[in-house]
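Down below is the structure, laid out as structure tokens.
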Amino acid sequence: MCGIFGHVGSISRELAEHCLTTLTHRGPDGAGLWQAPGVTLGHRRLAILDLSENGRQPMSDPEGRYWITFNGEIYNFLEVRAELAAKGHRFRSESDTEVILAAYREWGEACLPRFNGMWAFAIWDSRERTLFLARDRFGKKPLFYARLPDGGFAFASEMKALLPLLPDARPDQALVRGMSPRASFAYEATDRCLVAGIQRLLAGHSGTLREGRLTMRRWWNTLDHLPEVPARYEEQVEQLRSLLLDACRLRMRSDVTIGTALSGGLDSSAVFSMLAHINRTQGGEARLSNDWQHAIVASFPGTPLDEAAFARQVAQHVGSDVQVLEIDPMRYLHDLPRMLYLYEDLTVTSPLPFMALYGRIKQAGVTVTLDGHAADELFGGYPTDWAYALLDAGLDIAQINQVLEVYEGGTPEGSAQFKRPGNRFASYARRMGSTLAKLGLGMQSNLGPEYTQHPRWRELDHLSRALFWQTHSFVLPTILRSYDRYGMSASVEIRMPFLDWRVATFAMALPWQSKIRNGFSKAIVRDAAAPFMPHEITYRRTKIGFNSPIVDWMRGPLRGYFLDTLASRRFRECSLVDPARAQRLVTHVIDDPRASFKSGEQAWWSVLPFLWSEALFAREPHAPHAPPSPPAPPDVARAAQMQAA
């Protein structure tokens, strides 16, 4: 896990080093810069596999024809390496980077489907003078690029590394002003970015730059890889259990300490419990870390979002301890601008608790975490997913609406679920069509013909289509972006066993009855993980989720911060926000005790474009190590006094 940068064209070493330095947080363990006529490759290293100098990047093949800069991990690198060794390839290091180089030499672009992992990498062919770019199946690792005014081409792990190369680095005004919390989830699956002149390489795509022309290709389509699943549910459970255990086993390969951001919910608890089982049964296997017993939970004492008690129960069950991090926003308030700079995008919720959590994880000596992300999108863990299953069960849209009218949930206020999911589903129906058939068309417009005209698409039931949309075009791409930034802000690599391509394609091939079953969401995940977990955690019905309690914070410790921001001249003159609307929304949250979590989200969003632009652009030009200063620094002492009052 690292930060990469590259440039094709003419660039000074000093400027290239400056661009690379903006990525220091992604790779604090070393830096490398290789230049040849017309090309520059840079790398910031977070050492995880082969900690020696042999793993240093940029790296070349033995002949010096190919050079690579790589961000990510290839979890099955030992198996691929053995296959290549049998073909005569020799290796100088114990790294997965060298395996990618050898695989590319042997198979060319056809090496990509052989990898099980997460990656964004670039390979320069010195003989053909071409640049090959590739991104993993689901877009776990980011890759941005820009065509420069002087005819050059540059790429990087984050947009901030490209800003020094843009003569007029500025926000894309139309995109930022037109963005909404809902739209922010959808745009991550496009090539558009919030900075004018920068684009992203799409997930599952590769590109070849030859003589200044970039040719893109989709190398991965999930629908091409859906397996045949057993007809009996019990066999499906066994197969998923086997896949998840192997996904965790591969992701335990590490030469540094690993741990888990443990929430106490089903998904992260399942992962942590499986790590314990693998350690008991397969401990000592080559490159498998035996230093895994590090669980850290973010705690919000006194709020419905606090899951520390559940996390302690899971840790005790597997014979481990858990570290509890109480999130106090006042402790991190001064660092919020820097957090927004590191996140470098618009986020529906404050990044503060997430970055604080992974900062604590790093302080605990953990460099790699295995977390539970992606299970909701793949297996039906959201509050409206069961409504699609009702349609699959034979109810029409009118009958479903009748059910929703009488349904009352039992979830905590401010949690990830809504008290009346009927409102959520009705909103979906209104926005995407009056019937679920029209909703399907709405999803198709987001997905594109490579999916919706695929023969396997017609075989998917309504729930599977909805989950496919969430995974590829709506929710998951944004989650992947966010957790890349959260982890990398603290130099922590986040691995996601549920996003193993074998698990993901298996999930997509399952019928709805395996996901919504016996009154439970993600039923097959629960049953697959049950042998390793406490029963009370496995079959918990409440779903809280990890969010910022933004309403409580805006009324209390962050009140002064937001009021000072609204009163600042720079905010009132910012073209990215509507100051009058922001004033109304923030005042409503602060003054009205009935203000909802959604109101807090809207208030945060009304101010965020200003905070984001100030963090990313309004600072000393390209000074990456200096935390950007807020436009009107809030009086922290005053905020504390107001909270006490």
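Quick test for you: out of ARG495, ARG465, pick the one residue that is assigned by TED's automatic domain parsing to the domain that holds LEU346, surrounded by 17 or more Cβ atoms within 10 Å (Cβ to Cβ), modelled with pLDDT of 85 or more and more than 28 Å from ASP552 (Cα to Cα).
ARG495
Would you mind stating whether ALA567 is modelled with pLDDT of 95 or more and closer than 21 Å to GLU601 by Cα?
Taking the combined requirement at face value, the residue satisfies it.
Can you tell me which residue among GLY519, GLY560 is out of contact with any strand residue (DSSP E or B) (no Cβ under 7 Å at 6 or more places or on another chain) and without any contact (Cβ under 8 Å) to a residue 40 or more places away in the chain?
GLY519
Among THR347, THR369, which is the only one that is in a strand (DSSP E or B) and touching a residue at least 24 places away in the same chain (Cβ under 8 Å)?
THR369
Inspect the range 533-542 for any residue being crowded, with 19+ Cβ neighbours inside 10 Å, assigned to a loop (DSSP other than H, G, I, E, B), at pLDDT 90 or above and touching a His at 6+ places or on another chain (Cβ under 8 Å) and give the result as yes or no.
Yes, the range 533-542 has at least one match.
In the range 159-187, how many residues are under 20 Å from the mean Cα position of the chain (by Cα) and either without any contact (Cβ under 8 Å) to a residue 60 or more places away in the chain or closer than 27 Å to HIS18 by Cα (or both)?
Number of matching residues: 6.
Quick check, is GLY207 surrounded by fewer than 16 Cβ atoms within 10 Å (Cβ to Cβ) and either more than 27 Å from LEU476 (Cα to Cα) or more than 21 Å from the chain's Cα centre (by Cα) (or both)?
no
Quick check, is ALA580 over 24 Å from ARG338 (Cβ atoms), of a type in the set (Gly, Ala, Ser) and surrounded by fewer than 22 Cβ atoms within 10 Å (Cβ to Cβ)?
It is true that ALA580 is over 24 Å from ARG338 (Cβ atoms), of a type in the set (Gly, Ala, Ser) and surrounded by fewer than 22 Cβ atoms within 10 Å (Cβ to Cβ).
Find the residue count for the range 39-80, including only residues that are touching a His at 6+ places or on another chain (Cβ under 9 Å) and among the small types (Gly, Ala, Ser).
Residues that pass the stated criteria total 1.
Within the range 79-89, can one find any residue that is within 30 Å of GLY9 (Cβ to Cβ) and crowded, with 20+ Cβ neighbours inside 10 Å?
Checked against the condition, which is being within 30 Å of GLY9 (Cβ to Cβ) and crowded, with 20+ Cβ neighbours inside 10 Å, the range 79-89 yields no hits at all.
Quick one: how many residues across the range 147-170 are in contact with a strand residue (DSSP E or B) (Cβ under 8 Å, 6 or more places away or on another chain), crowded, with 19+ Cβ neighbours inside 10 Å and of a type outside the set (A, V, I, L, M, F, W, C)?
Looking only at that region, the number is 2.
Say we look at the range 272-305 and pick out the residues that are assigned to a loop (DSSP other than H, G, I, E, B) and without any contact (Cβ under 8 Å) to a residue 12 or more places away in the chain; which of these is farthest from PHE77 (Cα to Cα)?
Out of the qualifying residues, it is GLY302.
Given the criteria more than 28 Å from ILE479 (Cα to Cα), assigned to a helix (DSSP H, G or I), out of contact with any strand residue (DSSP E or B) (no Cβ under 7 Å at 6 or more places or on another chain) and polar (S, T, N, Q), does GLN513 qualify?
no
Name the residues in the range 123-145 that are among the small types (Gly, Ala, Ser), assigned to a loop (DSSP other than H, G, I, E, B) and either outside the structural domain of CYS193 (by TED's automatic domain parsing) or at negative phi (or both), would you?
SER126
Per-residue answers, yes or no, for (1) in contact (Cβ under 8 Å) with a residue 40 or more places away in the chain; (2) part of a strand (DSSP E or B):
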| position | (1), (2) |
| --- | --- |
| THR208 | yes, yes |
| LEU214 | yes, yes |
| PRO227 | yes, no |
| GLU235 | no, no |
| LEU243 | yes, no |
| ARG249 | no, no |
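Hey, LEU357 hits all of (1) under 20 Å from MET1 (Cα atoms); (2) in contact (Cβ under 8 Å) with a residue 60 or more places away in the chain; (3) surrounded by fewer than 20 Cβ atoms within 10 Å (Cβ to Cβ) but one; which does it fall short on?
LEU357 satisfies every listed condition except (3).
The values are calculated or read from the model by the stated rules, or taken from the named source; none is laboratory data. Here the structure is a predicted model, which means the values were calculated and not measured. All Cβ positions, glycine included, derive from the backbone under ideal geometry; neighbour counts span all protein chains shown.
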